[in-house]
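Scroll down for the structure; my scribbles are underneath it.
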Amino acid sequence: LAICWVLVYGFTGQAVFAGVLTLDDFSQYQRLNDEGDEPGATSDTVSVLTGTGLSNVSRTYIGEATTSDSGSKITIKSQNGLLKIDNGPASAGQASILWNFDPVDLTKFGTGLLLEVSRIDLNVSAEIIVNGVAGSGAKTFTGVDDFLVHFDDFSNSDVFSSVSSLRLNFSGPLAWDGQFRLLLDGTRRATVTSVPLPAAYLLMGSALLGLIGISRKKTV
């Protein structure tokens, strides 16, 4: 009888998690260098991005090294599932990654955006801009700490019902570096499903009949 109740409880209280949508796994190679020898930023675009759960995605790297005679350089590179940003010893450069894609309702996948951080220098700041209008506000890293921002923390959370662009902005001190593994819709929404009561009762009744049958055999 105890086994029957465990089975019924297990089916009626099963927790199910919504899927996590990968925005970019950084598996597709792309590289940008800005030497800082001229004012202004350098950009590079991949028109058809792979390693994403979105449709018709383009990815643009934008880098601007600190202007200097020597030792000023910023490199943004993705390869083998890792995004790397490296600044030369004389550069406190700014780096941005911009994604454009077909509109998607991110609220169907979760409640926040997560950037997995595998390495970061102290005092580097990151910010996410959605649809060019809603910002997360800058967060300064004090160590390796995944960058998680809930939709409600953005300046306008209504945009997440139809998102068509995301931009990550990084800035930091001289010679700052960072490495990142994955950008995804990160906070999974838990839902609870239940078996209809007739099915649950049928399961319990079948088990009880089985136990009664076993008991009768032993009596005979």
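The values are calculated or read from the model by the stated rules, or taken from the named source; none is laboratory data. Keep in mind the model is a prediction, meaning the values are calculated, not measured. As a convention, Cβ positions derive from the backbone with ideal geometry for all residues, glycine included, and neighbour counts pool all protein chains shown. Side chains included, ligands, DNA and RNA excluded: accessible areas come from the protein's heavy atoms. Shrake-Rupley method; radii C 1.70, N 1.55, O 1.52, S 1.80 Å.
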Criterion first (out of contact with any Gly (no Cβ under 7 Å at 6 or more places or on another chain) and in a helix (DSSP H, G or I)) does T142 satisfy it?
no
Search the stretch 5-25 for residues being at pLDDT 50 or above and not in a loop (DSSP other than H, G, I, E, B), and hand back the single one that is surrounded by the most Cβ atoms within 10 Å (Cβ to Cβ).
L23
Go over the candidates F154, F101 one by one and state the one that is modelled with pLDDT of 95 or more, over 29 Å from T67 (Cα atoms) and surrounded by 21 or more Cβ atoms within 10 Å (Cβ to Cβ).
F154
Check S91, S78, S58 and return the single one that is under 14 Å from F180 (Cα atoms) and among the hydroxyl-bearing types (S, T, Y).
S78
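In this structure, does L54 turn out to be open to solvent by less than 20 Å² (accessible area, probe 1.4 Å), among the aliphatic types (A, V, I, L, M), under 28 Å from S162 (Cβ atoms) and in a loop (DSSP other than H, G, I, E, B)? Break it down stepwise before answering.
Numbers: open to solvent by less than 20 Å² (accessible area, probe 1.4 Å): no; among the aliphatic types (A, V, I, L, M): yes; under 28 Å from S162 (Cβ atoms): yes; in a loop (DSSP other than H, G, I, E, B): yes.
When the stated conditions are applied, L54 does not pass them.
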Considering each residue of the stretch 75-94, count those that are of a type outside the set (K, R), under 18 Å from the mean Cα position of the chain (by Cα) and open to solvent by 20 Å² or more (accessible area, probe 1.4 Å), and give that number.
4
Give the residues of the stretch 94-114 that are farther than 19 Å from S78 by Cα and not aliphatic (A, V, I, L, M), sorted by residue number.
D102, P103, D105, T107, K108, F109, G110, T111, G112
The condition from (1) touching a Ser or Thr at 6+ places or on another chain (Cβ under 6 Å); (2) open to solvent by less than 50 Å² (accessible area, probe 1.4 Å) that R59 misses is numbered (1)
State whether the residues of the stretch 127-138 include one that is outside any helix (DSSP H, G or I), within 19 Å of D34 (Cβ to Cβ) and at pLDDT 95 or above.
no
Determine if the stretch 86-94 includes at least one residue that is hydroxyl-bearing (S, T, Y), closer than 16 Å to A175 by Cβ and part of a strand (DSSP E or B).
no
Any residue in the stretch 100-117 that's hydroxyl-bearing (S, T, Y): show its pairings with residues that are assigned to a strand (DSSP E or B) at Cβ separation under 8 Å, as long as the two are six or more apart or on different chains.
T111/H150
Would you mention how many residues in the stretch 148-171 are under 16 Å from T22 (Cα atoms) and in contact (Cβ under 8 Å) with a residue 60 or more places away in the chain?
6
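Do you know which residues across the stretch 26-43 are among the charged types (D, E, K, R), assigned to a strand (DSSP E or B) and open to solvent by 60 Å² or more (accessible area, probe 1.4 Å)?
Filtering the stretch 26-43 down to residues among the charged types (D, E, K, R) leaves 31, 34-35, 37-38.
Filter once more, so that each one left must be assigned to a strand (DSSP E or B): 31, 34.
Of everything in the stretch 26-43, just one residue is among the charged types (D, E, K, R), assigned to a strand (DSSP E or B) and open to solvent by 60 Å² or more (accessible area, probe 1.4 Å), namely R31.
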Between a first residue in the stretch 26-53 that is closer than 20 Å to L184 by Cα and of a type in the set (V, I, T) and a second residue that is open to solvent by 70 Å² or more (accessible area, probe 1.4 Å) and outside any strand (DSSP E or B), which pairs have beta carbons less than 9 Å apart while being 6 or more apart in sequence or on different chains?
V46/Y29; V48/N56
Go through the stretch 112-149 residue by residue and tally those that are under 17 Å from S165 (Cα atoms) and surrounded by 13 or more Cβ atoms within 10 Å (Cβ to Cβ).
14
